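The values are calculated or read from the model by the stated rules, or taken from the named source; none is laboratory data. Please read these numbers as outputs of a predicted model, since none were measured by experiment. Virtual Cβ from ideal backbone geometry, glycine too; neighbours counted across all protein chains shown.
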Amino acid sequence: MYPFKQDYYAVRNGWYVLAFAQDLTQQLVSRWLLNEPVVLYRKQNGEPVALSGLCPHRFYPLGKSQLKDDIITCNYHGFAFDAAGVCTNIPGQDNIPSTCKLRSYPVVEHGMWIWVWAGDVDKADKSLLPDLVEISHDRPGFTPMPFYFHELKARYQLLNDNLLDLSHLAFLHATTIGVGANATVPEELTEEPRILRSRRRMQNCPAPPVVKTTIGYDGVIDQVNGMDFYAPGMHAGFADMFYPQGHAEAGKLLRKAQVFHAVTPATHNSCYYFFGMASDDVAQMHLMKEYLKKTVAEDIDASESIEQMLAIHGDPVREVVKFSDRNTVRGRMLLQKMMEAERLP
Ligand code: FES
Ligand SMILES: [Fe+2]
């Protein structure tokens, strides 16, 4: 489906975020992952669990069931399942059919997130998770902080497209984090296996509104904007802002912001968006948590509005491609290649 080849939608063999770690307790959480229902919880010993969220009896959603002593009891007719997905009780009979079990997903707590492996269990590889030091989540002196969780009525790739092309900051976010240079200064692009990096170095540009509002500085700045896509589910970005050449404090850091966007394909036409940040200035992060609500709402509205347009037009849609789409195009190509590789015998 758009923007991929027909019948392609999202990578299966990859880690996706399904919850912020702080939100996973001994309560059942219902999610979707690649069009499959998933139920999550944390065991009494603290370990996260991810199981199929569909009761194999009459397909009742297990997220609406009961959890006690690490056992889910289906709320409809009382089938019980342990943390491995094994059925331990069917009321009124001793025999438990071998087909009566739940798919168990590889799941890991890594940084501020709970990650679930969507594909083949034997291919689940923790070394494919983003490195927490590299993305500045675990940088010395930094505190990571989850900001928002949203469910979008938009296919997952629309949010990836958004994050792979930061030229939109100049327009969609003109009243918060964007300036004209976001759309005119070319990016430097580099690539590693499953990682795409982009950098935009903007010099002597007006400070975006966020700097005026939260720091009180209203002059020109030098800014480096970067985004690293860890395919298939995480974009780690930063905006480093400095006093410009000619300023009394030229080169001194004005602000540093490290942001994390985890994007998860929930169903064909919906996705999850987990937004977080890390900084050495916790007070500033609390300010940003309020301030960026508008910015994130703009991205959500853009993605959902495009999904509505696609619902009318259907596939295929012919696009006009601009020079600064290079990062989006290579992001789509990387995912398309990964999806095709999964189908090879
Ligand atoms: S639907 Fe779950 S026990 Fe019947
Ligand atoms: Fe945006």
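Let's see how each residue does on (1) on the phi > 0 side of the Ramachandran plot; (2) β-branched (Val, Ile, Thr); (3) in contact (Cβ under 8 Å) with a residue 24 or more places away in the chain:
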| site | (1), (2), (3) |
| --- | --- |
| THR267 | no, yes, yes |
| GLY276 | no, no, yes |
| GLN284 | no, no, yes |
| THR295 | no, yes, yes |
| GLY314 | yes, no, no |
| MET339 | no, no, yes |
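Of all residues in the range 81-116, those being among the polar types (S, T, N, Q) and either modelled with pLDDT under 95 or not in a strand (DSSP E or B) (or both) number 3.
In this structure, does THR190 turn out to be part of a helix (DSSP H, G or I), more than 14 Å from ligand 2 (Cβ to nearest atom) and either on the phi > 0 side of the Ramachandran plot or among the hydroxyl-bearing types (Ser, Thr, Tyr) (or both)? So THR190 does not fit the description; no.
Residue count for the range 169-186, restricted to those that are more than 15 Å from ligand 2 (Cβ to nearest atom) and out of contact with any Cys (no Cβ under 6 Å at 6 or more places or on another chain): 4. Just one residue in the set ALA50, ALA21 is in contact (Cβ under 8 Å) with a residue 60 or more places away in the chain and either surrounded by 21 or more Cβ atoms within 10 Å (Cβ to Cβ) or closer than 21 Å to MET339 by Cβ (or both); that residue is ALA50.
Residues checked against (1) more than 22 Å from LEU287 (Cβ to Cβ); (2) outside the structural domain of LEU159 (by TED's automatic domain parsing); (3) crowded, with 21+ Cβ neighbours inside 10 Å; (4) acidic (Asp, Glu):
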position: GLU188; (1), (2), (3), (4): yes, no, no, yes
position: PRO193; (1), (2), (3), (4): yes, no, no, no
position: ARG199; (1), (2), (3), (4): yes, no, no, no
position: PRO209; (1), (2), (3), (4): no, no, no, no
position: GLN223; (1), (2), (3), (4): no, no, yes, no
position: PRO244; (1), (2), (3), (4): yes, no, no, no
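Within the range 20-29, can one find any residue that is within 30 Å of THR328 (Cα to Cα), more than 16 Å from ligand 2 (Cβ to nearest atom) and not in a loop (DSSP other than H, G, I, E, B)? Within the range 20-29 (the criterion being within 30 Å of THR328 (Cα to Cα), more than 16 Å from ligand 2 (Cβ to nearest atom) and not in a loop (DSSP other than H, G, I, E, B)), the answer is yes, since at least one residue qualifies.
Every test in (1) without any contact (Cβ under 8 Å) to a residue 60 or more places away in the chain; (2) touching a Lys or Arg at 6+ places or on another chain (Cβ under 8 Å); (3) within 18 Å of TYR105 (Cβ to Cβ) is passed by ALA84 save one, and that test is (2). Would you confirm whether any residue within the range 67-78 is in the same structural domain as GLU109 (by TED's automatic domain parsing), under 22 Å from GLU151 (Cα atoms) and either surrounded by 13 or more Cβ atoms within 10 Å (Cβ to Cβ) or away from ligand 1 (no atom under 12 Å from the Cβ) (or both)? No - not one qualifying residue is present in the range 67-78. Quick check on my filter: what residues within the range 230-260 are under 18 Å from VAL133 (Cβ atoms) and touching a residue at least 60 places away in the same chain (Cβ under 8 Å)? Result: TYR230, MET234, HIS235, ALA236, GLY237, PHE238, GLN258, PHE260.
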